[in-house]
């Protein structure tokens, strides 16, 4: 179609019709409703972008005021976080966050991948339609319930197995394990979508070569869906890093630089919850430190998302 009309091909050759001479059924009709929908979608996208920009600006503004009075090197390398004595080393908070995230991924990654393989390759359609909603029920449970579950059920079980001297009442291990259960539906659902998107021709070709269903699942389908699986894993890790209520209730209060999962340690999100609920004076160094911690969380999550996109772009398979 040209700018002035439409090109028609026939036995006598190609000819152009002016737009005002088009038949009525070919002419573009005015649809005011469609224009309203387009304007509404643009408005929603603009609000989302402006909200994100506003959050980033607020974090940067408040954090800049914090870093004017705190040495940046000490902030990232210091091993003590005690705002009362102006010691702002974020390593204890960062270590506890990464530790709980590690235990969460240790639970969610293998279980999520196994569940996804079963739903994609082994389960019947009827069973899949039943199991997926049941699995996603876990994602609908409030995180505060998970936190109390970790504190009242998982921690006593761990203390009974490993001994009360090795597992404290508040510890990063129980918080991480329960956090893994929380992100399990997310990882399983995304992995199942990635596995299901692998063309059936790859499976059929493997079966034609004499491969078993187990060999097809692990040696053909999983490698073909690697980019989607990696993106699911990284997104799950981002979710674990930003989790709040479970670690606030079960991991403990008070920064503690330790790699022992049986000890109490406070994560970055847990510290923000605990301190923001106290009597903080506006524009104080303690108040601004919360924004500095939030900025670090934002940068960690942003880095994980960028890594996820790079992996998808690098390893994505295109099938024709």
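Condition (residue is closer than 23 Å to residue 95 by Cα, in a helix (DSSP H, G or I) and in the same structural domain as residue 103 (by TED's automatic domain parsing)) applied to the stretch 208-216: is it met by at least one residue?
no
Kindly provide the set of residues from the stretch 250-300 that are under 30 Å from residue 166 (Cα atoms) and touching a strand residue (DSSP E or B) at 6+ places or on another chain (Cβ under 8 Å), ordered by number.
Matches in the stretch 250-300: 255, 271.
Filter the stretch 53-94 down to the residues that are exposed (fewer than 14 other Cβ atoms within 10 Å of the Cβ), under 23 Å from residue 171 (Cα atoms) and out of contact with any helix residue (DSSP H, G or I) (no Cβ under 8 Å at 6 or more places or on another chain) and list them by number.
82
Which of the following residues is part of a helix (DSSP H, G or I), closer than 24 Å to residue 245 by Cα and in contact with a strand residue (DSSP E or B) (Cβ under 7 Å, 6 or more places away or on another chain): 93, 106?
From the options 93, 106, the qualifying one is 93.
Could you please find all residues in the stretch 144-168 being surrounded by fewer than 17 Cβ atoms within 10 Å (Cβ to Cβ) and either modelled with pLDDT of 90 or more or not in a loop (DSSP other than H, G, I, E, B) (or both)?
Hits for the stretch 144-168 are 144, 145, 148, 152, 153, 156, 157, 160, 161, 162.
Looking only at the stretch 194-229, how many residues end up being within 21 Å of residue 106 (Cα to Cα) and surrounded by fewer than 19 Cβ atoms within 10 Å (Cβ to Cβ)?
4
Only one of these conditions is not met by residue 294: (1) farther than 30 Å from residue 87 by Cβ; (2) modelled with pLDDT of 85 or more; (3) crowded, with 16+ Cβ neighbours inside 10 Å. Which number is it?
(1)
Which of the residues belonging to the stretch 299-315 are more than 15 Å from residue 240 (Cβ to Cβ) and buried (at least 17 other Cβ atoms within 10 Å of the Cβ)?
The answer is 311, and nothing else.
Being surrounded by fewer than 21 Cβ atoms within 10 Å (Cβ to Cβ) and either within 24 Å of residue 154 (Cα to Cα) or modelled with pLDDT of 90 or more (or both) is the requirement here; does residue 239 meet it?
Considered against the rule, which asks whether it is surrounded by fewer than 21 Cβ atoms within 10 Å (Cβ to Cβ) and either within 24 Å of residue 154 (Cα to Cα) or modelled with pLDDT of 90 or more (or both), residue 239 comes out as yes.
Determine if the stretch 256-265 includes at least one residue that is crowded, with 18+ Cβ neighbours inside 10 Å, touching a helix residue (DSSP H, G or I) at 6+ places or on another chain (Cβ under 6 Å), assigned by TED's automatic domain parsing to the domain that holds residue 103 and part of a helix (DSSP H, G or I).
So far as the stretch 256-265 goes, no, none of its residues is crowded, with 18+ Cβ neighbours inside 10 Å, touching a helix residue (DSSP H, G or I) at 6+ places or on another chain (Cβ under 6 Å), assigned by TED's automatic domain parsing to the domain that holds residue 103 and part of a helix (DSSP H, G or I).
The values are calculated or read from the model by the stated rules, or taken from the named source; none is laboratory data. Keep in mind the model is a prediction, meaning the values are calculated, not measured. FYI the Cβ positions are ideal-geometry reconstructions off the backbone, even for glycines, and counts take in every protein chain you see.
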